[in-house]
Amino acid sequence: MMQKRGNYQQPEATFAKEVTYRSINTKEPGEISPPSSNLNTAFRLIKEVQRKFKTREAEEREKEDLVKQDTLVLSQNKGNPKLKDLYIRPNIVTKRMTGALEAHNNGFRYTSVRGDKVDILYNNIKNAFFQPCDGEMIILLHFHLKHAIMFGKKKHVDVQFYTEVGEITTDLGKHQHMHDRDDLAAEQSERELRHKLKTAFKSFCEKVEAMTKQEIEFDTPFRELGFPGAPFRSTVLLQPTSGCLVNLTEWPPFVITLEDVELVHFERVQFHLKNFDMVFVFKDYHRKTAMVNAIPMNMLDHVKEWLNSCDIRYSEGVQSLNWVKIMKTITDDPDGFFESGGWTFLDPESDEEEHAQEEESEDEDEAYEPTDVESASEESEEDSEYSEGDTDETDETGSAEDELGTDEESGKDWSDLEREAAEEDRERNFDDSFDRKKAPQHKSSKPNKHSSIKSNHKSSPSKHSNNHHSSSSKHSSSSRHNSSRDNDKDRRKSSSSSKSKPSPSKDRDRHRNSHSSLSKKRSRDESSDKHKSKKSRK
């Protein structure tokens, strides 16, 4: 397929996008192979050339920003610090191989059993770690580099050398028993191997530190200060060192240098959540932030105490932030970012908001106290006026209107009140019928009795009136006539006083009168029985 391209120097030139070749697949007499096999061979050779070219281009791109290292100066001294039977991570090739690590004049050289060499210079080491095999299945030396080095056709900033201590895999089908001699012997040999490896690695580190005059110092993680987290896909134990936060057991490793950190922010810090996230913001704003996910909420105070001991500022919030956008905003205008308050936007409550809340709370307290006092004084005045009015009405009238309220206050229910009202109505109807026969002019003698009964529930002086009622019931009809006059006067006073001041129990009297009207019918039928009981009472 031919196509003309206008961007060539020669406009008449043509561009071949695809070329198809055909050949005979039949073998002629005397030929070793048919002509088509030549095309297959040519096709395979062309593909190999393309693959090599692409690989060389990728390596050149990797080496573009690669810092050139010094040449390793080998030491001919036979007493150089050396460790044998070490694995390297990441692997040089796909297959894992052992090798030896040896310290020379200006760096380390790792030589595999196949002959591959990896050089690490002292001046390129940013952090060196020695992690013993306490609680771990491997013992390792880890180097975090300033500039990446090239091996295995890739760049690497972290290089690790380790040895396995025990069996990482366990045969579950094997019968295991603690009292088995083989198991006890294996456990004893593993303890001896751990001790031997720990001694060898520690001796190597001390010799290197002495040879380099403390230029290289191996740092050991503090396991007791560790906390779980997920910097990548799996949850691992993050262990602080004197100047870093690391996880070296799982690969890829996680190494954060604390002197490069400007701020630590905790995300998703909420009471109902089990985990929170931890974001590291570096002093170099062009560097991507590092994040540790799924830290248990009960470790929040522990992490804060560790950051306080390292003098690192931290903040917390309930939401997850878009850090790519935030860092781009900062790098676009750093001066404007800090003029507008800088990192204060991460604080959940700034000092100004707290100050405003304190002022509002003080204003509310000042406005609340006098109203409380006034309301208390007004309530006390109303109570005193109401109590005085009640005592006056009770003393002057002794009416039956207050009795229902006192009965309710004393704890009587509606059935008791209805029964008492019915009995009183029966007695009053009987007295009216008896007075019509004997003395028709004494119709108002009953209210005296009624009022005296009601005053018995109101106050202590009512006892005297009740006794007076019991004694007055034994007198003749003349004394009843005199008392009825006094009661008429009292009723006129009570009616006048009730007009001047409304009684709070009018609704209750209506309820009681409705019950009394219903009970009148019953009292007519039982008037004869009551007449006999009244005579016997007199």
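Out of (1) farther than 25 Å from residue 252 by Cα; (2) more than 25 Å from the chain's Cα centre (by Cα); (3) touching a residue at least 12 places away in the same chain (Cβ under 8 Å), the odd one out for residue 314 is which?
(2)
Could you tell me which of the residues 235, 249, 257 is touching a residue at least 60 places away in the same chain (Cβ under 8 Å), of a type in the set (Val, Ile, Thr) and more than 21 Å from residue 288 (Cβ to Cβ)?
The match here is 249.
Which one is modelled with the lowest pLDDT, of the residues in the range 63-107 that are among the acidic types (Asp, Glu) and open to solvent by 60 Å² or more (accessible area, probe 1.4 Å)?
Checked the range 63-107; the qualifying residue modelled with the lowest pLDDT is 65.
Of 303, 269, 292, 279, which residue is among the β-branched types (Val, Ile, Thr), closer than 24 Å to residue 334 by Cβ and either touching a Leu at 6+ places or on another chain (Cβ under 9 Å) or not in a strand (DSSP E or B) (or both)?
None of the others qualify; the one that does is 279.
I'd like to check something: does the range 20-38 contain any residue that is of a type in the set (A, V, I, L, M) and open to solvent by less than 100 Å² (accessible area, probe 1.4 Å)?
Step one: filter the range 20-38 for residues of a type in the set (A, V, I, L, M), giving 24, 32.
If we keep only those that are open to solvent by less than 100 Å² (accessible area, probe 1.4 Å) too, we end up with none.
No, the range 20-38 contains no residue that is of a type in the set (A, V, I, L, M) and open to solvent by less than 100 Å² (accessible area, probe 1.4 Å).
Tell me whether the range 273-292 contains one or more residues that are more than 17 Å from residue 226 (Cα to Cα), more than 24 Å from the chain's Cα centre (by Cα), touching a residue at least 40 places away in the same chain (Cβ under 8 Å) and open to solvent by less than 20 Å² (accessible area, probe 1.4 Å).
No, the conditions are met nowhere in the range 273-292.
With the requirement that a residue be charged (D, E, K, R) and open to solvent by less than 60 Å² (accessible area, probe 1.4 Å), what does the range 300-321 give you?
First pass over the range 300-321, keeping only residues charged (D, E, K, R): 301, 304-305, 311, 313, 316.
Selection gives 304, 316.
Looking at (1) open to solvent by less than 20 Å² (accessible area, probe 1.4 Å); (2) over 13 Å from residue 303 (Cα atoms); (3) out of contact with any helix residue (DSSP H, G or I) (no Cβ under 8 Å at 6 or more places or on another chain); (4) assigned to a strand (DSSP E or B), which is the one condition that is false for residue 221?
(4)
Take the conditions out of contact with any Pro (no Cβ under 9 Å at 6 or more places or on another chain), under 25 Å from residue 128 (Cβ atoms) and at pLDDT below 90 and apply them to residue 40. Does it pass?
no
Going through 262, 192 one at a time, which residue ends up being among the acidic types (Asp, Glu) and part of a helix (DSSP H, G or I)? Before the answer, list the steps.
Working: 262 fails: part of a helix (DSSP H, G or I).
Checking each option against the conditions leaves just 192.
I'd like to verify a number: residues in the range 322-341 that are open to solvent by less than 60 Å² (accessible area, probe 1.4 Å) and either in a loop (DSSP other than H, G, I, E, B) or of a type in the set (Phe, Trp, Tyr) (or both), how many?
Step one: list which residues in the range 322-341 are open to solvent by less than 60 Å² (accessible area, probe 1.4 Å), which gives 323, 326-327, 330-331, 334, 336-337, 341.
Still in the list and also either in a loop (DSSP other than H, G, I, E, B) or of a type in the set (Phe, Trp, Tyr) (or both): 323, 337, 341.
Of the residues in that region, 3 qualify.
Do we find that residue 238 is surrounded by 16 or more Cβ atoms within 10 Å (Cβ to Cβ), modelled with pLDDT of 95 or more and not aromatic (Phe, Trp, Tyr) in this structure?
Yes; evaluated as a whole, the condition is true for this residue.
Let's see how each residue does on (1) touching a strand residue (DSSP E or B) at 6+ places or on another chain (Cβ under 7 Å); (2) without any contact (Cβ under 8 Å) to a residue 24 or more places away in the chain:
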position	(1), (2)
26	no, yes
35	no, yes
48	no, yes
59	no, no
66	yes, no
74	no, no
80	yes, no
84	yes, yes
89	yes, no
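Has the range 116-136 got at least one residue that is in a loop (DSSP other than H, G, I, E, B), modelled with pLDDT of 90 or more and over 26 Å from residue 243 (Cα atoms)?
Checked against the condition, which is being in a loop (DSSP other than H, G, I, E, B), modelled with pLDDT of 90 or more and over 26 Å from residue 243 (Cα atoms), the range 116-136 yields at least one hit.
Could you run through the range 242-255 and say how many residues are open to solvent by 10 Å² or more (accessible area, probe 1.4 Å) and not in a strand (DSSP E or B)?
Number satisfying all stated conditions: 7.
For residues that are of a type in the set (D, E, K, R) and more than 22 Å from the chain's Cα centre (by Cα), scanning just the range 256-272, find the one that is least open to solvent (accessible area, probe 1.4 Å).
For the range 256-272, the residue satisfying everything is 260.
Could you tell me whether residue 82 is among the charged types (D, E, K, R) and within 24 Å of residue 146 (Cα to Cα)?
Here the answer is yes, as residue 82 does meet what is asked.
The values are calculated or read from the model by the stated rules, or taken from the named source; none is laboratory data. Just so you know, these numbers come straight off a predicted model, no measurement behind them. Reconstructed Cβ throughout: ideal geometry from the backbone, glycine too, with neighbour counts over all protein chains shown. For the accessible areas, the whole protein counts, side chains as well, though only heavy atoms, and no ligand, DNA or RNA atoms are used. Shrake-Rupley method; radii C 1.70, N 1.55, O 1.52, S 1.80 Å.
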